[in-house]
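The values are calculated or read from the model by the stated rules, or taken from the named source; none is laboratory data. The structure presented is a predicted model; accordingly, all values stated were derived computationally and were not measured. Note: ideal-geometry Cβ built from the backbone for every residue, glycine included; neighbour counts use all protein chains shown. Only protein heavy atoms, including side chains, enter the accessible area calculation; ligands, DNA and RNA are left aside. Shrake-Rupley method; radii C 1.70, N 1.55, O 1.52, S 1.80 Å.
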Amino acid sequence: MTPAGQIDDDHAVAARVAHQAGELLVDLIRNPVQDRRWSGLEYEGDRRAHRFIIDELQRLRPDDVVLSEEGRDDPIRLERDRVWIVDPLDGSSDFGYSPHWAVHVALVSNGQPVAGAVAVPGWETTWATDPSPSPVARPLDDGSNPRVVVARSRSRFDGFRIQQALGAEIFSIGSAGVKAMAVVRGEVDAYVHGGGLYEWDICAPAAVAASAGLVCCHADGSPLSFNKPDVWSPGLIISRPELVDSLVAALGLGLR
Ligand SMILES: [Mg+2]
């Protein structure tokens, strides 16, 4: 029995918490805090979304531990099976300036995501692991070049290599979650990040993308794992299955 007001499904918890944090952040953009310079909005967003997510997960899943970009890293998480990994505001430099920011909420068990959600209020959508997104439809055998999204900061590195190796069209937008959801939406065929990322950048987007049938791995082709002692992670590829090997090879970091 689930107590009144509780939700017995982890996927639904992830989706609801991410979605509601997104709504809270939209409200902050519409009603910025008085006596605060506009340039401080992202910090206020980080703070409010973090507090909301921590409180909600504490209420809905009181026995679980949370690892948040904006919180203290409690080493007790290394002894626990169920750990929520959250980025309360991903792509904060775009917050208030573009639609390209997101909220990430994922649950990890035994190092692997078992539920997750990415809210992108700028696209008026929250994607989750169940119900999962529709599998990407556009076939790649139509002779067109692959479309690949990379981080703005890495377009001269990752973008150049992939353009050279695959003849790919390269795009850049902010937020790991938004880039991953651009693959889920079928707007691009892959998201590639050849530099370091943190587990909260990767976990929820990879959970959702995997549930849509996409392949998710580190930039060297190695499998993703989470709730590690060091939360730094060696890059990310989220891609249609047929492109992964050539993307890893193009980055030149590969184990495959
Ligand atoms: Mg963040």
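Tabulated data
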{"item": "Failed condition for ASP230, given (1) in a strand (DSSP E or B); (2) surrounded by fewer than 20 Cβ atoms within 10 Å (Cβ to Cβ)", "result": "(1)"}
{"item": "Candidate set from segment 131-143 (those that are within 19 Å of LEU243 (Cα to Cα) and open to solvent by less than 50 Å² (accessible area, probe 1.4 Å)); member that is modelled with the highest pLDDT", "result": "VAL136"}
{"item": "Scope segment 157-185; condition open to solvent by 10 Å² or more (accessible area, probe 1.4 Å), more than 17 Å from PRO121 (Cβ to Cβ) and touching a Pro at 6+ places or on another chain (Cβ under 9 Å); matching residues", "result": "LEU166, GLY167, GLU169"}
{"item": "Selection from segment 60-103 of residues that are surrounded by 19 or more Cβ atoms within 10 Å (Cβ to Cβ), more than 13 Å from the ligand (Cβ to nearest atom) and among the aromatic types (Phe, Trp, Tyr)", "result": "TRP84"}
{"item": "Selection count, segment 193-227, where residues are within 16 Å of the ligand (Cβ to nearest atom), in contact with a helix residue (DSSP H, G or I) (Cβ under 8 Å, 6 or more places away or on another chain) and open to solvent by 10 Å² or more (accessible area, probe 1.4 Å)", "result": "3"}
{"item": "Subset tally (residues that are within 13 Å of the ligand (Cβ to nearest atom) and touching a Gly at 6+ places or on another chain (Cβ under 8 Å)) for segment 50-59", "result": "1"}
{"item": "Any hit, segment 147-165, residues being touching a residue at least 24 places away in the same chain (Cβ under 8 Å) and assigned to a loop (DSSP other than H, G, I, E, B)", "result": "yes"}
{"item": "Residue list for segment 233-251, filter: open to solvent by less than 10 Å² (accessible area, probe 1.4 Å) and either small (Gly, Ala, Ser) or modelled with pLDDT of 95 or more (or both)", "result": "SER233, GLY235, LEU236, ILE237, ILE238, SER239, VAL244, LEU247, VAL248"}
{"item": "Verdict on GLU70 being more than 18 Å from the chain's Cα centre (by Cα) and either closer than 11 Å to VAL86 by Cβ or at pLDDT 95 or above (or both)", "result": "no"}
